[in-house]
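The values are calculated or read from the model by the stated rules, or taken from the named source; none is laboratory data. None of these values were measured; they are calculated from a predicted model. Methodologically, a virtual Cβ is constructed for each residue, glycine included, from the backbone with ideal geometry; neighbour enumeration extends over all protein chains shown.
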Amino acid sequence: MKREPVFFCFLMVFSNFRDPTDHELKLFNDLKTAFDKGALIVAAIAARTKEEIEESLDCGLVKGHAYAVSAVCTIDVSNPTQRSLTSYLLGSKQKQNLIRLQNPWGEKEWNGAWSDDSSEWQNVSDSQLSAMGVERGNSDNNDGDFWMPWESFVQYFTDISLCQLFNTSVFSFTKSYDEQIVFSEWTTNGKKSGAPDDRAGGCLNFQATFCNNPQYIFDIPSPNCSVMFALTQNDPSEGLKKREPFVTIGMHVMKVENNRQYRVHQAMHPIATSDYASGRSVYLHLQSLPRGRYLLVPTTFAPKEQALFMLRIYSDEHIHFSPLTKVGGFS
């Protein structure tokens, strides 16, 4: 199996959640951190039907259309309602989270608050405008680039796709990630599903055979440790003229005993599950897990589906990660 560039892609779907004090602020901070680290980010408003694709909304946005994120920032805004001498001397300011997007069409922009030439820009200092690349009173109203307030962004947009290149160099002055790579396969002996040497048990829908999949343990050394998994299957069409379909793959994570050394024989409730997709790769990002030992089970969707796979692990601390091969015990 060829090793591909170390890119991580995440799809965040946040439609129908409205918790402005916690989740929206955390999402903004996470997005800003990723953008500042050079992530490529696009956002979209999901189209629920074919008829909704490229449907223009009254606010100027378009459904089923990918917008590139070109800036994420927080600015100081003067409060125009406070004109007292005290507020002038103390500099009464409010914080405003903004995001800049680009419509690849080069037209059709957001027309609400903080859009081109909107009145909100009058409360921003010239120095901040210069740093943001905004020229007061001289905005091109139809070039496809526009700013909008974060609260409006989460009101309308439903999907964010993020592609991040991770620094895995040991010799680096910037934050780097520990990388571990495992090659394995889902394989079956061709006999009755669930035989001892069967390693293709399917997802949790098939609890009788689920534990026959490859199993891996990893230890979380501290609650602040962030771990990312990329599961990539071999291209079945490589070297062939006819395109062969990928199998559907995914991952489950379970909490196990800190001294676990033997394979698990009974399916447990997962604490995290990746998407299942019939594509080349799926991803799973774990944050703020309690310290302890965990079990990772990469699977195909159905039992007895065979494929080679590569599992890559990235963590901001070195973690112990190893396959579980010993058979014994009762759980």
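Just checking, does region 228-236 include any residue being in a strand (DSSP E or B) and among the β-branched types (Val, Ile, Thr)? Within region 228-236, one or more residues are in a strand (DSSP E or B) and among the β-branched types (Val, Ile, Thr). Asn79 - would you say it is at pLDDT below 95, assigned by TED's automatic domain parsing to the domain that holds Gly38, farther than 29 Å from Ser161 by Cα and surrounded by fewer than 13 Cβ atoms within 10 Å (Cβ to Cβ)? Answer is yes for this residue. When each of Met228, Met268 is tested for being surrounded by 16 or more Cβ atoms within 10 Å (Cβ to Cβ), hydrophobic (A, V, I, L, M, F, W, C) and more than 22 Å from Leu165 (Cβ to Cβ), the lone residue that passes is Met268.
The residue of region 231-256 that is nearest to Asn205 (Cα to Cα), among those that are exposed (fewer than 10 other Cβ atoms within 10 Å of the Cβ) and of a type outside the set (Gly, Ala, Ser), is Pro245.
For every residue, the table says whether it meets (1) in contact with a Pro (Cβ under 7 Å, 6 or more places away or on another chain); (2) assigned to a loop (DSSP other than H, G, I, E, B).
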site	(1), (2)
Gln94	no, no
Trp105	no, yes
Lys108	no, yes
Ala113	yes, yes
Asp116	no, yes
Glu120	no, no
Gln128	no, no
Ala131	no, no
Val134	no, yes
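Please tell me if Lys255 is among the charged types (D, E, K, R) and over 26 Å from Tyr177 (Cα atoms). In short, no.
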